[in-house]
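Here the structure is laid out as C-alpha cells; the discussion comes afterwards.
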Amino acid sequence: MSTTASEVRESWIPMIAIALAQVLMSFNVAALPVSLSGMVASFGVPPTTIATGIVMYSLAVAGFVMLGGKLVQRFGSTQVFRVVIGLFAIAQVLMVIAPTAIFMLTAQLLAGLAAAVIVPALVALIAHHYHGQQQATAVGALGSARAAAGVSAFLIGGLLGTFIGWRPVFGILVALSVIVFFLSFRLKPQAARPEVKIDAVGVVLAAASIIMIVFGFNNLNRWGLGVASPAAPFDILGMSPAPIMIVAGIILLQIFIAWSKRVQARGGTPLLDLSIISSGQERAAVYAMFTVVGLEAMLNFTVPLYIQIVQGRTPIETTIAMMPFNLTVFFTAMLVVKLYDKVTPRRIAQGGFTLCILGLLWLAWVVRNDWTAVPVMLGLITFGIGQGALVTLVFNVLVTSAPKELAGDVGALRGTTQNLAAGVGTAVAGALLVGLLSAGIMYRVTENTYLPVELQSQLDLDSINFVSNDQLATIMARTSATPAQAAEAVRVNSEARLRALKIGLLLMAAFAALAMIPASRLPAYRPGEIPDGPTPRRTVRREEEGETA
C-alpha cells in the first residue's frame with residue numbers, strides 16, 4: 001500500500017521534460033521530408049541528398065547510442081541529459097543558418113550525436129522517476145510523444161514551408177530546446193556510478209558496424225548494387241563498395257556481440273548488456289521494432305518525394321496528404337494501451353502487422369497521381385492503425401522484461417534499433433524507388449520509336465532521378481526534341497514514376513509480411529502476469545553463465 005501511495009504522489013512535471021525531449025528528436029526527423037522541396041531549392045541538390053540528412057542523423061544515433069547509454073549510467077541521467085539538450089540546441093541553430101547542403105548534413109550529424117545520449121537518458125529518467133503503473137503510463141506517453149511530434153512536424157512544417165520557408169521550422173526546435181533545458185532543473189538528480197566502465201573496443205566495433213551498414217545501404221543506388229558505377233569512390237575487383245560495406249558491417253556486428261559476451265563472462269561491463277535480449281521473445285520484439293520503424297521511414301520518404309518532387313506541390317499539400325496517417329498513428333498509439341489488459345502483445349502485434357500489409361497492398365492497387373483521393377486516404381489510415389498499435393507495444397515488451405538497473409541498456413537498444421531502421425529504411429526507399437524508376441525509363445525509352453537514339457544521347461540516362469513534369473519539360477527544351485517528342489518523354493516519365501511507386505509499395509508489404517514471424521513469438525502475457533524485475537528464466541540463465549565462466 002505504501003508503494004502505491006508513493007507512486008500517486010510522484011509529480012508529472014519531470015515527464016513533461018522527458019516527453020518534450022522525445023518531441024525534439026522526432027520533430028527534427030519528421031520535418032526533413034516536409035522541408036524536402038524547400039531544401040532542394042535552397043541548396044540546389046537532388047532530393048536524395050536531403051534524404052542523406054535523415055540518414056546522417058540516424059547513423060549517428062544508431063552508431064553511438066550504446067556509448068550514450070553508458071555515459072548516462074556513469075555520470076547520471078539528469079546531468080548528462082541537461083548537457084546534450086544544449087548540444088541539440090546548437091545543432092538546430094546550425095540548421096537554421098545552413099548556407100549549403102554540407103552544412104545541413106553536419107548539423108544533422110551533430111543532432112544525431114546529441115540524440116544518441118538523449119535516447120537512453122529518457123528511459124533511465126523514466127525508471128528513475130516512476131514505478132509500477134506510473135512507469136507503464138510514462139512509457140506509453142513516450143511513444144505518444146513520438147507520434148505527436150510527427151503530426152506536429154507535418155502540420156507546422158507544411159504551413160511554414162509553404163508560406164514562409166523551411167528554416168523557421170527548425171527555429172522552433174531551438175526555442176523548444178531552451179524550454180526543455182530549463183525544465184531539466186525539475187528532474188531529480190541521479191547519482192553517478194564511477195564503477196561503470198566504458199568498453200572502448202565495444203564502442204569502436206558497434207559504431208563501425210552500424211555506420212558501415214547504414215552507409216552501404218545509403219549508397220547502393222549511387223555506387224551500384226553489384227558492379228561499381230562511375231560515381232563509386234573505389235571498386236574491389238570491379239565490385240561496388242556498397243554491398244561489401246553492408247556485409248562487412250554485419251560481420252563486425254557479430255564480432256561485437258561475441259566481444260560483449262566475452263567481456264560479460266570476465267565480469268566486466270559490456271557496452272550493451274545482452275541479457276536484455278537473452279530470450280526469443282525479447283529478440284522478437286527487437287525484430288518487430290526494426291520492421292515497424294523501417295516501414296514508417298520508407299513511407300515518410302516515399303509520400304513527400306512523390307507529392308513535392310514528382311507532382312511539384314507545396315509542403316502544405318504534403319501535410320494534408322500525410323495527416324490521415326500521422327493522426328491515426330498518434331491516436332492509435334494512445335488508445336491501444338487500453339487493450340493491454342484484454343489482449344496479449346502477441347495478438348496485438350499480429351493484428352498490427354496484418355493491418356500494415358493490407359494498407360500497403362491497398363495503396364499499391366489504388367494509388368494514382370492524386371494522394372488526396374479518398375481510397376488513398378483509406379489505405380494510409382489502415383496502415384496508420386497498424387503502425388500506431390505497434391509503435392509503443394514492442395518497446396513496452398522490452399521495458400517490462402528488464403530490471404530497472406538495465407533501463408539505460410534498454411534505451412540504448414531501442415535507439416540503436418529505431419535509428420538503424422530509420423536510416424536503412426530511408427536509404428532503401430531512395431535506392432529502391434530510383435532503381436525502379438531508372439529500370440522503367442530505360443526499358444520504355446529503348447522500346448520507344450518516338451525517342452530516337454540521337455535524342456537519347458543528349459539526355460543523361462546514367463543518372464536518372466525523380467523530377468516533376470515541368471522540370472523534365474525544361475530539360476527537354478535544351479535538347480533537339482520536337483514538341484511531340486518532349487510530350488512523349490513526359491508521358492514515359494510519368495508512367496515509370498507511377499509504376500516505381502506501385503512496385504515499391506508491394507515490396508514494402510512483403511517486408512511487413514516477413515515481420516509476422518517474429519510477431520508470433522512475442523509474449524502472450526497480460527499486465528497482471530508481467531514480472532517485476534528479472535524473470536526466473538533470466539536469473540537461472542545468469543547463474544548458469546556464471547558457473548560456466
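Values for this structure:
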{"item": "Test: residue in segment 36-56 that is closer than 23 Å to I179 by Cβ and in contact with a helix residue (DSSP H, G or I) (Cβ under 8 Å, 6 or more places away or on another chain)", "result": "no"}
{"item": "Residue, farthest from L59 (Cα to Cα), within segment 192-206, restricted to residues that are assigned to a helix (DSSP H, G or I) and in contact (Cβ under 8 Å) with a residue 12 or more places away in the chain", "result": "V201"}
{"item": "Selection from segment 70-89 of residues that are closer than 18 Å to D199 by Cα and assigned to a helix (DSSP H, G or I)", "result": "K70, L71, V72, Q73, R74, F75"}
{"item": "Exclusive hit being modelled with pLDDT of 90 or more and assigned to a helix (DSSP H, G or I), set S209, S184", "result": "S209"}
{"item": "In segment 220-238, residue surrounded by the fewest Cβ atoms within 10 Å (Cβ to Cβ) [restricted to those that are in contact with a strand residue (DSSP E or B) (Cβ under 9 Å, 6 or more places away or on another chain) and either assigned to a strand (DSSP E or B) or not hydrophobic (A, V, I, L, M, F, W, C) (or both)]", "result": "G238"}
{"item": "Output for segment 6-28, where each listed residue is in a helix (DSSP H, G or I) and either open to solvent by 40 Å² or more (accessible area, probe 1.4 Å) or at pLDDT below 80 (or both)", "result": "S6, E7, V8, R9, I13, I16, L20"}
{"item": "Segment 261-284: number of residues that are of a type outside the set (A, V, I, L, M, F, W, C) and either under 15 Å from V410 (Cβ atoms) or under 22 Å from the mean Cα position of the chain (by Cα) (or both)", "result": "8"}
{"item": "Hits in segment 90-109 - residues which are part of a helix (DSSP H, G or I) and surrounded by fewer than 21 Cβ atoms within 10 Å (Cβ to Cβ)", "result": "I90, V93, L94, V96, I97, A101, I102, F103, L105, T106, L109"}
{"item": "Residues being open to solvent by 60 Å² or more (accessible area, probe 1.4 Å) and either under 18 Å from H128 (Cβ atoms) or touching a Cys at 6+ places or on another chain (Cβ under 9 Å) (or both) - total across segment 177-194", "result": "7"}
{"item": "Selection status of V174, farther than 27 Å from G388 by Cβ and open to solvent by 10 Å² or more (accessible area, probe 1.4 Å)", "result": "yes"}
{"item": "Options I257, I210, I251: the member that is of a type in the set (A, V, I, L, M, F, W, C), surrounded by fewer than 15 Cβ atoms within 10 Å (Cβ to Cβ) and over 30 Å from W362 (Cβ atoms)", "result": "I251"}
{"item": "Condition met for V61 (crowded, with 24+ Cβ neighbours inside 10 Å and not aromatic (F, W, Y))", "result": "yes"}
{"item": "Residue check, A116 under 19 Å from the mean Cα position of the chain (by Cα) and in contact (Cβ under 8 Å) with a residue 40 or more places away in the chain", "result": "yes"}
{"item": "Restricting segment 328-373 to residues that are part of a helix (DSSP H, G or I) and of a type in the set (K, R), the residue that is surrounded by the most Cβ atoms within 10 Å (Cβ to Cβ)", "result": "R346"}
{"item": "Test for D409: is it in a helix (DSSP H, G or I), at pLDDT below 60, farther than 24 Å from V303 by Cα and within 32 Å of the chain's Cα centre (by Cα)", "result": "no"}
{"item": "Every residue from segment 298-334 that is more than 17 Å from G157 (Cα to Cα), modelled with pLDDT of 80 or more and more than 17 Å from the chain's Cα centre (by Cα)", "result": "T328, F331, T332"}
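The values are calculated or read from the model by the stated rules, or taken from the named source; none is laboratory data. Source: prediction; values computed, not measured. No Cβ is skipped: glycine too gets one built from the backbone with ideal geometry, and neighbour counts run over all protein chains shown. Note: areas computed on protein heavy atoms with side chains; ligands, DNA, RNA excluded. Shrake-Rupley method; radii C 1.70, N 1.55, O 1.52, S 1.80 Å.
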